[in-house]
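Written out below as structure tokens is the structure these notes cover.
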Amino acid sequence: MNSPQPTLAREFASALAWWQAAGVDCDFHDDATAWLAEEQIGQGSDGAAPPASVRDARQNDNPAATKERPAIDRLAPAPPPLVPARENLLGESPPADLAAFRAWWMEAGTLDTARGFPRVPPRGEAGAKLMVLVPQPEDSDRQALLDGPQGRLLAAMLAAMGLTPEQIYLAAALPAHRPMTDLASLAATGMDAVTAHHIGLAAPQRLLVLGGSLAPMLGGTAENGLREFNHAGGKLPVIFGDTLEAMLHMPRLKARFWRRWMEWSATL
């Protein structure tokens with residue numbers, strides 16, 4: 001004896017019973033629904049009216065929702081990023097020579113430094129063959145700049161270049177070690193002007209910048225391939241390299257820098 005063919009209603013009821021037994025008692029959509037948008041109130045994402053329980057809940061929360069709630073612009077542009085306020089960190093009377101700059105560097109209240117790390121002065125004399133600019137002192141520096149492992153690596157690099165310590169002017173973009181610092185933001189607050197003034201007073205013949213993140217301090221970006229630095233005293237040839245910290249951890253970066261240095265030096 002053949003079993004009776006199930007009707008569509010019975011199949012639908014059976015399917016609902018199966019999903020309820022499986023613990024699924026809600027309707028889901030892949031697309032998000034803007035429940036609060038004025039044009040969506042009273043409708044689902046597919047144009048159908050939402051369940052009565054949802055409508056009742058909305059009306060109980062705000063009976064005048066459909067009349068008084070303002071439309072929400074889902075395509076409104078994001079607010080612009082906050083731009084750091086720029087300051088004249090050097091003041092109305094900037095240091096006139098390197099001696100005055102060193103004193104200002106160590107004492108100026110306008111320079112923000114991290115707690116727990118002392119300020120460290122630059123070292124060297126004006127007119128050096130090469131100025132080396134690094135992001136900040138090492139965390140162990142106290143009296144002398146780059147007095148730890150990074151300094152020893154730099155000393156070996158300079159010896160290989162045929163340069164003596166007396167021919168070098170060594171400086172950092174920040175007066176004290178400052179972990180996790182954003183150099184681009186600091187440059188925007190006015191530290192780029194401090195760096196430019198410092199370089200102008202040092203008046204080196206060439207500039208070696210160790211750290212692509214230092215480019216904003218020189219008025220550029222890490223991507224624009226800055227080759228010269230313009231300051232009050234004229235144009236200065238510039239070469240960028242990786243940070244000393246990165247070279248300590250990845251020896252292959254030393255070889256890459258050496259190739260750059262040889263190519264750059266041959267053009268001067």
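The values are calculated or read from the model by the stated rules, or taken from the named source; none is laboratory data. Note that the structure is predicted; figures quoted are calculated from it, not measured. In this analysis, Cβ positions are derived from the backbone assuming ideal geometry, glycine residues included, and neighbour counts consider all displayed protein chains. Only protein heavy atoms, including side chains, enter the accessible area calculation; ligands, DNA and RNA are left aside. Shrake-Rupley method; radii C 1.70, N 1.55, O 1.52, S 1.80 Å.
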Subset of region 89-117 [exposed (fewer than 15 other Cβ atoms within 10 Å of the Cβ), modelled with pLDDT of 95 or more and part of a loop (DSSP other than H, G, I, E, B)] | 96, 97
Test: residue 165 is at pLDDT below 95 and in contact with an Asp or Glu (Cβ under 8 Å, 6 or more places away or on another chain) = no
Of the residues that make up region 177-193, is at least one open to solvent by 40 Å² or more (accessible area, probe 1.4 Å), part of a helix (DSSP H, G or I) and polar (S, T, N, Q)?
-> yes
Please verify whether region 217-229 includes one or more residues that are part of a helix (DSSP H, G or I), closer than 27 Å to residue 88 by Cα and open to solvent by 10 Å² or more (accessible area, probe 1.4 Å).
-> yes
Cβ pairs under 7 Å, 6+ apart or interchain, first in region 254-268 and open to solvent by less than 50 Å² (accessible area, probe 1.4 Å), second among the charged types (D, E, K, R) and not in a helix (DSSP H, G or I), ordered by first then second residue, are 257/242
Which number in (1) touching a residue at least 12 places away in the same chain (Cβ under 8 Å); (2) part of a loop (DSSP other than H, G, I, E, B); (3) open to solvent by 30 Å² or more (accessible area, probe 1.4 Å) marks the one condition that residue 204 misses?
-> (3)
Does region 152-169 contain at least one residue that is assigned to a loop (DSSP other than H, G, I, E, B), open to solvent by 10 Å² or more (accessible area, probe 1.4 Å) and over 23 Å from residue 229 (Cα atoms)?
-> yes
Unmet requirement for residue 136, which otherwise passes all of (1) under 26 Å from residue 90 (Cβ atoms); (2) free of Cβ contacts under 8 Å to residues at least 24 places away in the same chain; (3) not β-branched (Val, Ile, Thr) = (2)
Which one of these is under 16 Å from the mean Cα position of the chain (by Cα) and among the hydrophobic types (A, V, I, L, M, F, W, C): 160, 193, 184?
-> 184
Residue check, residue 124 buried (at least 16 other Cβ atoms within 10 Å of the Cβ) and out of contact with any His (no Cβ under 8 Å at 6 or more places or on another chain) | yes
